[in-house]
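The structure under discussion appears below in the form of structure tokens.
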């Protein structure tokens, strides 16, 4: 679960991490009032979960409260990469000496967290990573013992700091690590992490992504996790509420299957034969009739879907349960789109019989079914 | 030699009294696997699926000579269940449980490394040595004994591909799921090492998917070691959009990294036979075999 910048920063402040003074505004007038309160020059930042808002124009500056109100009004009417801006963060403009990049990531290959840091922070960090990867330093953290003070000091030293500044940066990195531990973060990232002319280190931006699998032990995020994220389409939100792994795509062939790998391969195969999938929908292992019916209704309710491919390779899942789910949909709301069903595995004979009784034939081979649904000739 | 599991395996099922645990214990026994004990805290002294149940792994080992474990306990307790199995010297430890927090998995894998234990998973269908034994939830009938070593990041897709191979008369030495999570015990490189040293394996099939760098790491390993056995691969998720998690916690393209096309390209560069669709794999393996014979 991605947190907004203002949410990440509020958690960080509780740990004593330096963030710029500021406030959150939902209206241009609120933005103006915050500017009046903090004085000086301010930055107005769109609060969105997608990355790249700077390049999209979602960050502006205001030297006077009235100007801040106007800029905030512009940003609040923006949609950035499909995400509508609902709030802006108004923060004091820092006296920047240097922009650093600092993050703590889940390092899958090394099965640990790794600190990534660079003295070339800012909006072009991805170009730096691509063109001169040596400018980003990596420091692995022991997953059992955690980040030790000297881990953070080594990173600070390599970034070129000594004396009091080294100690300040060490404290900040240690606190970012604590933040990642306390909130089970798969990512904590500050870019830019600003060294000010006054010699302080401040997280000018801060992103935090919470590991979804850890949400059960974070009651503090319970309400937040229920909120429909703007990254999720209404159809995805509805499907996920019903316990389906669902991703909306832009084609016209609805897809339902069991098992993430199988469904991904189903999309690939539909693509391979020239079709365009409308979604990824994994009903999971051991799905019962009710679950299948829910999934099918959600898929056929999507107006861009004009035919549906059901691909079941039953292990724990039983073909007769899947078939019953399809029959239930037919009885209750009707089957609204043509259906191609591929079934193999556990109780496949029973499943086939049930579907035949309502006039649906099933195929055994995934390739043939994919070609049929796409409309190519079956080989 | 039998990789990881076989006739010698005497397994404990941790979480044997749950729905999944009980159901799959029955199927594993039916397949011929020796399941010698089960563990569920608070249910010690009872019997499930004809197997004695204990409160702890240690107490199970006082009464049985178990040497492996398969874990079905819910995600919040999986880390400790894994440690308990490792502490008792069980090896391998197969973790079927999904949705374990990444931090728990990191700690568990560090613990396993320290103790020299092999972890398969989490979020894996398990391991099967066709015709001998299985520690997992895969349907046994789609597999057949033979010479292909198969490793995968997915469950059902593994069954799909194994059934293509079996129908084409190509049997398997060992099939295993490395797991669909971001942090897993065995990775493709570990598995390639095992298959290299295994006399009953004469070719390897890797089934990858989007996200992470397990496939790229495998490709580098194959190139660096001049891997002595043919390798074929399929990578799922070419149609997946960036930034969206495709069912598995680990199946997500971040930025421009982890795409299926990049993984397939990397595999091709090092001489791996790459299938465009899963059903192509048997043909690729047969062509490879013919080519070798003609040399």
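Laboratory data are not the source of any read-out in this text; all were calculated from the coordinates shown. This one's a predicted model, so the numbers in the text were calculated from it and none came from an experiment. Positions of Cβ are backbone-derived with ideal geometry, glycine not excepted, and every protein chain shown enters the neighbour counts.
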Original post:
Other chains near A:281-294: what is the mean number of their Cβ atoms within 10 Å of each residue's Cβ?
Top reply: 1
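What FRET efficiency do you get for residue B:199 and residue A:86 if R0 is 51 Å and r is their Cβ-Cβ distance, rounded to the nearest 0.05? Don't jump to the answer; show the numbers that get you there.
Details: r = 63 Å, r/R0 = 1.23.
After rounding to 0.05, the efficiency reads 0.20.
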**OP:** Please find the FRET efficiency linking residue B:167 to residue B:110, where r is the Cβ-Cβ separation and R0 is fixed at 51 Å, and quote it to the nearest 0.05.
**Re:** 0.80
**OP:** Based solely on C-alpha atoms, express the radius of gyration and the Dmax of region A:115-266 in angstrom.
**Re:** 20.1, 62
Subject >> Antiparallel bridge percentage (DSSP; both residues within chain B; nearest 5) >> reply: 20 percent
**OP:** Take residue A:41, project a point 7 Å from its Cα along the Cβ direction, then tell me which residues of region A:50-88 have their backbone nitrogen under 18 Å from it.
**Re:** A:58-72
Subject >> Largest to smallest principal axis extent of the C-alpha atoms in region A:9-155, angstrom >> reply: 49, 32, 27
Subject >> Peptide-level mean, for A:308-320, of C-beta atoms on other protein chains within 10 Å >> reply: 3
Subject >> region A:224-274-region B:1-75 distance, computed between alpha-carbon centres (Å) >> reply: 36 Å
Original post:
What list of whole percents do you get for P(r) of region B:1-138, with Cα-Cα distances grouped in 5 Å bins up to the one holding the largest distance?
Top reply: 2, 12, 24, 26, 22, 11, 3, 0
Original post:
What's the average, rounded to a whole number, of partner chain beta-carbon atoms within 10 Å of each residue's beta-carbon in B:204-211?
Top reply: 1
**OP:** Enter the angle in degrees (range 0 to 90, nearest 10) between the Cα long axis of helix A:289-300 and the first principal axis of the Cα atoms of chain A, meaning the one along which they spread out most.
**Re:** 70 degrees
**OP:** Averaging sequence separations of C-alpha pairs under 8 Å and six or more residues apart, then dividing by the length of region B:194-246, give the relative contact order as a whole percent.
**Re:** 46 percent
Subject >> Relative contact order (percent, whole number), chain A, Cα cutoff 8 Å, 6+ residue spacing >> reply: 12 percent
**OP:** Would you mind putting A:124-132, A:48-56 in packing order, based on average other-beta-carbon counts within 10 Å, highest first?
**Re:** A:48-56, A:124-132
Subject >> Separation in nanometres of the label points that stand 7 Å from Cα toward Cβ, at residue B:287 and residue A:164 >> reply: 6.9 nm
Original post:
By how many degrees, 0 to 90 and rounded to 10, does the Cα axis of helix A:260-272 deviate from the longest principal axis of chain A?
Top reply: 80 degrees
**OP:** Measure nothing fancy, just the Cα-based angle from helix B:260-269's long axis to the longest principal axis of chain B, in degrees from 0 to 90, nearest 10.
**Re:** 70 degrees
Original post:
Label point 7 Å out from residue A:242 along Cα-to-Cβ: which residues of region A:290-332 have amide N under 14 Å?
Top reply: A:290-303, A:325-332
Original post:
Efficiency by 1/(1 + (r/R0)^6): what FRET value for residue A:200 and residue A:226, r their Cβ-Cβ distance, R0 = 35 Å, to the nearest 0.05?
Top reply: 0.40
Original post:
For region B:203-246, list residues with backbone N below 18 Å from a point placed 7 Å from the Cα of residue A:337 toward its Cβ?
Top reply: B:239-241
**OP:** Please report, to two decimal places, log10 I(q)/I(0) for the protein assembly as shown at q = 0.05, 0.06 Å⁻¹ as given by the Debye formula with identical point scatterers on the Cα atoms and no solvent.
**Re:** -0.26, -0.37
Original post:
Tell me, what is the percent relative contact order of chain B, built from C-alpha pairs under 8 Å that lie six or more residues apart?
Top reply: 14 percent
Original post:
By DSSP, what percent of the beta bridges with both residues in the protein assembly as shown are antiparallel, rounded to the nearest 5?
Top reply: 55 percent
Original post:
Which of B:46, B:184, B:56 moves the most in a Gaussian network model of chain B with Cα springs under 10 Å?
Top reply: B:46
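Once every DSSP H run of n ≥ 4 in the protein assembly as shown is given -39500 (n - 2.57) and the sum is divided by its residues, what mean residue ellipticity at 222 nm do you get, rounded to the nearest 500 deg cm²/dmol? Walk me through the numbers on the way to the answer.
Numbers: 22 runs with 244 residues, N = 674.
It lands at -11000 deg cm²/dmol.
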**OP:** Go through A:272-280, A:29-37 and give me the packing order, highest mean Cβ count within 10 Å leading.
**Re:** A:272-280, A:29-37
